[in-house]
Amino acid sequence: MQRTAEPETNRQVALPDAQAAQELVGELGRHLAIISRSTGAKLSQRGGTVVVAGEPAEVELAARVVQQLYAVAARGNRVVPVDVDQACRLLRAEPTADLLDYQADAVLVGSRKKAIYARTPTQRRYLRSFAQNDIVFGLGPAGTGKTYLAMAMAVSLLLKEKVRRIVLCRPAVEAGEKLGFLPGDLAEKVNPYLRPLYDALYDMVDEERAARLLERGAIEVAPLAFMRGRTLNDAFIILDEAQNATEAQMKMFLTRLGHESRAAVTGDLTQVDLPYGVRSGLAQAVRLLEGIEGIGLIRFSDVDIVRHPLVGDIVRAYDREGAERSRAERGERA
């Protein structure tokens, strides 16, 4: 039996604040187009009103997105395309969510108190996990904010003098070269591997202040291989790309934690670059440590990707291809 399509409905959302309305709508209506593509509803602006048309469920979701993003803009906050895309995803997954409530959990960083806040329910659990645990694992695909948010927490605590330094480390395995053969001092050798952490840092603190913090050792870079034998007190330590740590390296890293210190361990277990036959220390740590009090473990998915909207589509396409290949291989073995 052919399903009868639901009748189309219309809804008008008033936007009395012209400046906030323009921030919501975006240049040439770009943000409305994103909402339309994500929800399936048709949106158009008529003066100080946005008209939403479509099936009832589509209209309800699109209207909620418009109302909540307008409220965000009316508070004086900027609205950018990634905010719009993420608001659509969040309100579809969690219809009772309040974007302003999410912003109330903002992490303030930098001299201008830049506000960084969760954009998905998982990101919110991740940020809150740092308040409840001394070690937090963030697992999931690229673009989910796991490293960026860990850096935000670290910078915020450093500027509040809750920790004395930030230590950034990462296994240096991608290039297939030993650090000793690379030119320059220790920082110069490992800098290419730590570029994502630097990018996050410079997004939160101006380059001049960041340079001063690096110069006086308040922010330190160290390849994972050079962490052995150290005890890190009053520090926030971030281990990025942890899926490329061996089992011995991961145990060594986790036992470096000293008094009043915290650690964030981030990685994607689907992107292990270790040589064939070498097991990921991140996989072992997750298996052994999940459920221990004081250790938080947050799993992100493609739904949490906050980069360009196409990144989520790309990740899902690769995941589908990987799942199909796995099914085919299981069928051949059978």
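The values are calculated or read from the model by the stated rules, or taken from the named source; none is laboratory data. Computed from a predicted structure; not experimentally measured. Here the Cβ is made from the backbone with ideal geometry for all residues, glycine too, and neighbour counts use every protein chain on show. These accessible areas exclude ligands, DNA and RNA; they are computed on the full protein's heavy atoms, side chains included. Shrake-Rupley method; radii C 1.70, N 1.55, O 1.52, S 1.80 Å.
Numbers below:
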item: Stretch gain in nm, segment A33-S326, where the contour uses 0.36 nm per residue and the Cα spacing is subtracted; result: 101.8 nm
item: In degrees, nearest ten, helix 121-132 long axis to first principal axis of the chain (Cα); result: 40
item: Relative contact order of segment 1-106, pairs being alpha-carbon contacts under 8 Å that are 6 or more residues apart, as %; result: 30
item: In nm, spacing of pseudo-spin labels at R11 and V82 (7 Å Cα→C-beta vector); result: 2.8
item: Within-15-Å neighbourhood charge of T255 [Cβ basis; K, R +1; D, E -1]; result: +3
item: Nearest-20 debye value, the chain charge dipole, Cβ charges on Lys, Arg, Asp, Glu; result: 440
item: With Cα atoms, 0 to 90° folded angle of helix 186-204 axis to the chain main axis; result: 30
item: Value of [θ]222 nm, deg cm²/dmol, for the chain, DSSP H segments ≥ 4, -39500 (n - 2.57) each, nearest 500; result: -14500 deg cm²/dmol
item: Accessible area per residue, Å², the chain with all protein chains present, probe 1.4 Å; result: 53
item: Efficiency of FRET between R92 and L214 - r from beta-carbon atoms, R0 30 angstrom, step 0.05; result: 0.10
item: Test item: Cα-centred dipole of segment 27-148, Lys/Arg +1 and Asp/Glu -1 on Cβ, debye; result: 360
item: Share antiparallel - DSSP beta bridges, the chain, percent rounded to 5; result: 40
item: Contact order normalised by residue count of the chain, Cα under 8 Å, 6+ apart, percent; result: 17
item: Label-to-label distance, nm, for residues given as R316 and E293 (7 Å Cα→Cβ offset); result: 4.1
item: Extension gain from E207 to T255, taking 0.36 nm per residue of separation minus the Cα-Cα distance; result: 14.1 nm
item: Whole-percent carbon and sulfur share, accessible surface of the chain, 1.4 Å; result: 49
item: Accessible surface, 1.4 Å probe, highest first, among residues T9, T255; result: T255, T9
item: Ranking by accessible area, most exposed first, for E27, E208 with a 1.4 Å probe; result: E27, E208
item: Exposure of E329 as accessible area (Å², to 10), given a probe of 1.4 Å and all protein chains; result: 80
item: R0 of 41 Å, Cβ-Cβ distance R195-Q67: FRET efficiency to nearest 0.05; result: 0.55
item: Per-residue SASA entry for S326, accessible area with 1.4 Å probe, Å² rounded to 10; result: 50
item: Solvent accessible area, Å² - L69, 1.4 Å probe, full protein context; result: 10
